[in-house]
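The structure appears below as structure tokens.
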Amino acid sequence: MTFSICVREKGDEETSFGVAVSTDAPAVGALAPCISHDGVISTQSFVNVRLGRRGIALLPDIAVNDALEGLLAQDDHGHLRQVHGLDARGNAFAYSGDGCDGWFGHQVHEEHDLTVAGNMLVGEETLDALVETFLASEGDLVSRLIDALAAGKEAGGDKRGHTSAAVMVKAPQTMAHHDLRVDAHEEPISELRSVYETAKSASDGFSESSKERIFD
């Protein structure tokens, strides 16, 4: 009951990761997105939060595909899961179990360093819109991820509607507006955009570089 996008953005010295997700259920940001300086994962459908949290914890040592394939192999209900993501080594992975509710599916675009996935959607056009809009958008990573979510919703999105949305970014210089969520709202993606704009304005200059360490 979710659609999401995971991205890897290579910089001159370090790599940033981002994830954005929306669904017709409250508090998707507490369940689906997981991120670190080693990679990014979204776990969804009949969600198993362990796939995201444990998967991220394994990325310093093994590739994202090895981590998630191993965790799925230990999941007695793996056919109900949908999970995708990327790591700092250049690997990408996506999986949709055959027990997910339709329409469901995923796309891996290694040439663009991104993956998308969704279930209980109107159709695959939602995933197409996520990819096309993210690649065409301008601005910082958070803004482009929110643009992608808005396009996915416009293309159909969750066929039941939309209640919550979230965006996370892990960057060389992590900012307060890199971890935002709307847990319950009639227009969660529009509200997420408003929260982002407010938080970015208010947190200008408040970053890891302004103190010894603010964020992990």
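The values are calculated or read from the model by the stated rules, or taken from the named source; none is laboratory data. All values reported here derive from a predicted model rather than from experimental measurement. Because the Cβ atoms are built from the backbone with ideal geometry, glycine has one as well, and the counts that use them run over all protein chains shown. Quick note on the areas: whole protein, heavy atoms, side chains included, nothing else; ligands and nucleic acids left out. Shrake-Rupley method; radii C 1.70, N 1.55, O 1.52, S 1.80 Å.
General observations
- Lone qualifier among G39, G102 - being at pLDDT below 95 and within 30 Å of A184 (Cβ to Cβ): G102
- In summary, strands (runs of 3 or more DSSP E) completely within region 26-124 and bearing 2 or more residues that are buried (at least 16 other Cβ atoms within 10 Å of the Cβ) and free of Cβ contacts under 8 Å to residues at least 60 places away in the same chain occur at 39-45, 81-87, 92-96, 105-109.
- For region 175-199, a residue qualifies if it is under 18 Å from P33 (Cα atoms) and out of contact with any strand residue (DSSP E or B) (no Cβ under 7 Å at 6 or more places or on another chain), and the qualifying residues are A176, H177, R193.
- Some residue of region 140-155 being more than 15 Å from F17 (Cα to Cα) and touching a Pro at 6+ places or on another chain (Cβ under 8 Å): no
- Of everything listed in (1) open to solvent by 50 Å² or more (accessible area, probe 1.4 Å); (2) over 12 Å from T23 (Cα atoms), the single unmet condition for E186 is (2).
- Selection count, region 169-180, where residues are outside any helix (DSSP H, G or I) and either open to solvent by 30 Å² or more (accessible area, probe 1.4 Å) or touching a Ser or Thr at 6+ places or on another chain (Cβ under 8 Å) (or both): 8
- Residue match in region 183-190 (condition: modelled with pLDDT under 95 and assigned to a helix (DSSP H, G or I)): no
- F134 part of a helix (DSSP H, G or I), closer than 25 Å to S36 by Cβ and either open to solvent by 30 Å² or more (accessible area, probe 1.4 Å) or touching a strand residue (DSSP E or B) at 6+ places or on another chain (Cβ under 7 Å) (or both): yes
- Looking at D113, D140, just one residue is at positive phi and under 16 Å from the mean Cα position of the chain (by Cα), and that residue is D113.
- Counting the residues of region 144-168 that are crowded, with 22+ Cβ neighbours inside 10 Å and either polar (S, T, N, Q) or part of a strand (DSSP E or B) (or both) gives 6.
- Residue check for E14: among the charged types (D, E, K, R) and either over 20 Å from M168 (Cα atoms) or modelled with pLDDT of 95 or more (or both): no
- Criterion applied to S203, S209 was being more than 16 Å from the chain's Cα centre (by Cα), open to solvent by less than 30 Å² (accessible area, probe 1.4 Å) and at pLDDT below 95, and the one residue passing it is S203.
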